[in-house]
Amino acid sequence: MDIVVFLAEVLKAEYPANTRLEGRTTLHVPCHYDHSKDSVLKDFIKEHFDTDYADLKNDSCCGFGGTFSMKNYPHTRQIVAKKAKEIEEHGYRNLFTACPGCAMNLTDGNLTAETAVQATHPVVVLYERHIKKK
């Protein structure tokens, strides 16, 4: 269970809303994510961030796939390059994902493409902006 689902459906807790993000924002939903909960993740982003949000058109795998990326790194690079191209073409400046492996691979792909967009989990941004600084 992703932490966003836990926060939204189990704890039903209130968290800061309207956290400002500069530029456009998108989301990569991991292949292994419980896709019946995709809307929970998307709604969490829309409810807690003041940003221009849009779904990625390329909703396929980012190419990480655990050991797949180690055994097939050249292929992984080709797969993530397609995501990076879309991110650049649509001018996204913020990229969220619920998976640390995906975040690592997407960040690598974006840095390789020189987009400088780093993938992170939305909860990390809320923590850094509202809790860590206290």
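Under the rule of at least 5 residues apart or a separate chain, name every residue whose amide H is placed under 5 Å from the amide H of residue 50.
18, 19, 20, 21
Can you work out ³J(HN,Hα) from phi for every residue in the stretch 27-37, in order, using Karplus 6.51 cos²θ - 1.76 cosθ + 1.60 and θ = phi - 60°, giving whole Hz and x for Gly and Pro?
9, 9, 8, x, 4, 8, 5, 6, 5, 6, 10
Hey, got the dipole for the chain? About the Cα centre, +1 on K and R Cβ, -1 on D and E Cβ, debye to the nearest 20?
Numbers: 17 positive and 18 negative charges, 65 e Å.
Computed charge dipole of the chain: roughly 320 debye.
Stretch residue 47-residue 116 to full length: gain in nm at 0.36 nm per residue minus the Cα-Cα span? Numbers along the way, then the final one.
Details: separation 69, 0.36 × 69 = 24.84 nm, distance 2.54 nm.
Net length gain for the segment: 22.3 nm.
Express the C-alpha Rg of the chain as a ratio against the empirical globular expectation 2.2 N^0.38 Å, rounded to two decimals. Present the calculation step by step, with values, prior to reporting the outcome.
Values: Rg = 14.7 Å, N = 134, 2.2 N^0.38 = 14.1 Å.
It is 1.04.
For every helix of n ≥ 4 consecutive DSSP H residues, a contribution of -39,500 (n - 2.57) applies; sum these over the chain, divide by its total residues, and give [θ] at 222 nm rounded to the nearest 500 deg cm²/dmol.
Rounded to the nearest 500, the figure is -11000 deg cm²/dmol.
Going by C-beta contacts inside 10 Å, put 131, 87, 3, 79 in order with the fewest on the left. Don't jump to the answer; show the numbers that get you there.
Working: 131 10, 87 25, 3 15, 79 20.
Placing the least packed residue first, the sequence is 131, 3, 79, 87.
Need one number: % antiparallel among DSSP beta bridges in the chain, to the nearest 5. Can you show the working numbers first?
Working: 0 of 11 bridges.
Antiparallel: roughly 0 percent of the beta bridges in the chain.
How far, in degrees from 0 to 90, does helix 38-48 lean away from the longest principal axis of the Cα atoms of the chain, to the nearest 10?
The angle comes out near 60 degrees.
How much length is gained on full extension from residue 60 to residue 128, taking 0.36 nm per residue of separation minus their Cα-Cα distance? Walk me through the numbers before you get to the answer.
Working: separation 68, 0.36 × 68 = 24.48 nm, distance 2.89 nm.
That pair, residue 60 and residue 128, stretches by 21.6 nm at full extension.
With the chain treated as a Gaussian network of Cα nodes joined by springs under 10 Å, which of 14, 114, 86 yields the largest mean-square fluctuation?
Result: 14 has the largest fluctuation of those listed.
Report ³J(HN,Hα) in whole Hz for each residue of the stretch 101-113, in order, from the Karplus equation J = 6.51 cos²θ - 1.76 cosθ + 1.60 where θ = phi - 60°; Gly and Pro get x.
Running phi through 6.51 cos²θ - 1.76 cosθ + 1.60 with θ = phi - 60° gives x, 4, 4, 5, 5, 5, 5, 4, x, 5, 5, 4, 7 Hz.
Please report 107, 67, 112, 97 as a ranked list, fewest other C-beta atoms within 10 angstrom at the top and most at the bottom.
On the way: 107 20, 67 8, 112 12, 97 25.
Ordered from fewest to most neighbouring Cβ atoms within 10 Å, 107, 67, 112, 97 come out as 67, 112, 107, 97.
Any chance you could give the angle, 0 to 90 degrees and rounded to 10, that helix 73-89 forms with the longest Cα principal axis of the chain?
Once rounded, one gets 60 degrees.
Values quoted throughout were computed directly from the atomic coordinates according to the rules given, and no laboratory measurement underlies them. Predicted model only: the values in this text are computed from it and were never measured. Because the Cβ atoms are built from the backbone with ideal geometry, glycine has one as well, and the counts that use them run over all protein chains shown.
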